[in-house]
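The values are calculated or read from the model by the stated rules, or taken from the named source; none is laboratory data. This one's a predicted model, so the numbers in the text were calculated from it and none came from an experiment. Methodologically, a virtual Cβ is constructed for each residue, glycine included, from the backbone with ideal geometry; neighbour enumeration extends over all protein chains shown.
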Amino acid sequence: MSTPPALSPCAEIVRRHDPDRFLTALFAPASRREALFTLYAFNHELARAREAVSEPMLALIRLHWWREVVQGTPKRHEIATPLSAMIAQGALLPADLMAMIDGREAEADPSIPDRAAWTAYLAATAGAVMRAAGSALGADGALLDRLTRLGSAHGIAGQLRNVPALARASRVLLPQDVLGAHGLTIHDITAGQGAHALRAALAELAIEGRAILADAAGPLPRSMIAAALPAVLARRDLGHAAPPAGRGLGDRLAVCAAWAIGRV
């Protein structure tokens with residue numbers, strides 16, 4: 001029996017830290033798969049920019065460091081080096097990567113004021129990731145706009161799943177106007193208070209995610225569908241009042257089925 005090829009450093013980072021996108025990247029054409037792993041590892045580093053520091057200004061400095069990488073400044077780093085190579089090969093587009101960096105700047109703010117700002121933030125983060133993945137697989141035009149919407153829905157699902165973990169780190173990335181309508185403050189969530197009201201607020205936001213998925217669902221070219229497959233997992237998450245903590249066989253089968261029929 002032959003030994004499976006070892007994962008690249010970027011693929012291993014994605015496997016450990018972003019299992020949803022690792023799973024779905026496996027359905028990309030083999031020649032484009034490493035570009036997706038590199039893209040998703042880059043996204044993980046951008047997400048860490050705020051998580052890994054105590055002050056928002058330090059997060060902006062980390063994001064500027066990545067801007068320099070995308071603009072062509074050589075950096076010795078396990079992700080920056082292959083990212084630069086992918087840019088040089090034309091496998092990843094600087095404009096897509098810059099858009100992802102721009103989106104993460106909102107995380108340096110102490111809170112997200114309202115639903116409109118929250119929707120824009122999701123489109124600029126998870127939406128931009130899926131758009132960049134689609135671009136790496138050859139999508140263009142209206143299909144890229146559709147992928148941005150599907151990515152936003154995946155971002156909503158991720159936000160709702162990660163509320164407890166972010167609250168433990170004293171971070172809340174939910175719209176304050178929706179929280180306020182349910183009698184909640186950011187302090188309530190970080191203090192673990194108002195659980196019933198929080199469930200109601202999250203259920204309201206989940207409705208928005210399901211609406212986006214319903215609007216953007218449909219067939220996709222087989223060569224590009226891997227970019228959109230995280231939306232399949234988002235649909236499953238948004239259909240649960242309390243999404244399970246981990247992924248199971250049903251999640252993997254749903255992704256396989258979506259790939260097989262060419263539809264998310």
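Restricting attention to the range 172-189, the residues that are in a loop (DSSP other than H, G, I, E, B) and free of Cβ contacts under 8 Å to residues at least 40 places away in the same chain total 4.
Look at (1) within 18 Å of the chain's Cα centre (by Cα); (2) in contact (Cβ under 8 Å) with a residue 40 or more places away in the chain; (3) surrounded by fewer than 21 Cβ atoms within 10 Å (Cβ to Cβ) and you find that R15 fails only one, number (2). A search for C-beta distances below 8 Å between a residue of the range 89-112 that is within 11 Å of L63 (Cβ to Cβ) and any residue that is of a type in the set (A, V, I, L, M) and part of a loop (DSSP other than H, G, I, E, B), counting only pairs 6+ apart in sequence or on different chains, returns E107/L173. Close Cβ contacts (under 9 Å, 6 or more residues apart or on different chains) running from residues in the range 223-238 that are within 18 Å of I207 (Cα to Cα) and modelled with pLDDT of 95 or more to residues that are among the aromatic types (F, W, Y) and in a helix (DSSP H, G or I) comprise V232/W259. Take the conditions surrounded by fewer than 12 Cβ atoms within 10 Å (Cβ to Cβ), under 21 Å from the mean Cα position of the chain (by Cα), not β-branched (V, I, T) and not in a helix (DSSP H, G or I) and apply them to G192. Does it pass? Spelling it out, it is not the case that G192 is surrounded by fewer than 12 Cβ atoms within 10 Å (Cβ to Cβ), under 21 Å from the mean Cα position of the chain (by Cα), not β-branched (V, I, T) and not in a helix (DSSP H, G or I). If I filter the range 76-92 for residues that are under 22 Å from S135 (Cα atoms) and of a type in the set (K, R), do I get at least one hit? Within the range 76-92, none of the residues are under 22 Å from S135 (Cα atoms) and of a type in the set (K, R).
Among the residues that make up the range 166-180, is at least one of them among the basic types (K, R) and out of contact with any strand residue (DSSP E or B) (no Cβ under 6 Å at 6 or more places or on another chain)? Among the residues of the range 166-180, at least one is among the basic types (K, R) and out of contact with any strand residue (DSSP E or B) (no Cβ under 6 Å at 6 or more places or on another chain), which makes the answer yes. Within the range 83-93, does at least one residue satisfy the condition of being polar (S, T, N, Q), in contact with a Gly (Cβ under 9 Å, 6 or more places away or on another chain) and at pLDDT 95 or above? Yes, the range 83-93 contains at least one residue that is polar (S, T, N, Q), in contact with a Gly (Cβ under 9 Å, 6 or more places away or on another chain) and at pLDDT 95 or above. Taken over the range 34-59, the criterion of being over 17 Å from the mean Cα position of the chain (by Cα) and either at pLDDT 95 or above or farther than 20 Å from S170 by Cα (or both) is satisfied by E34 alone.
Residue-level check: of (1) part of a helix (DSSP H, G or I); (2) out of contact with any Cys (no Cβ under 8 Å at 6 or more places or on another chain), L7 misses just (1). In the range 1-49, what residues are closer than 17 Å to G158 by Cα and among the hydroxyl-bearing types (S, T, Y)? Within the range 1-49, T24, Y40 qualify. The conditions of being in contact with a Ser or Thr (Cβ under 9 Å, 6 or more places away or on another chain), surrounded by 23 or more Cβ atoms within 10 Å (Cβ to Cβ), within 25 Å of A228 (Cβ to Cβ) and not basic (K, R) are not met by M86. Residue-level analysis places A28 among those that are in a loop (DSSP other than H, G, I, E, B) and touching a residue at least 60 places away in the same chain (Cβ under 8 Å). Here the condition is being part of a helix (DSSP H, G or I) and either among the basic types (K, R) or buried (at least 17 other Cβ atoms within 10 Å of the Cβ) (or both); of A257, A197, A231, it holds for A231 alone.
On the basis of being out of contact with any Leu (no Cβ under 7 Å at 6 or more places or on another chain) and either farther than 25 Å from P221 by Cβ or assigned to a loop (DSSP other than H, G, I, E, B) (or both), does L58 make the cut? In short, yes.
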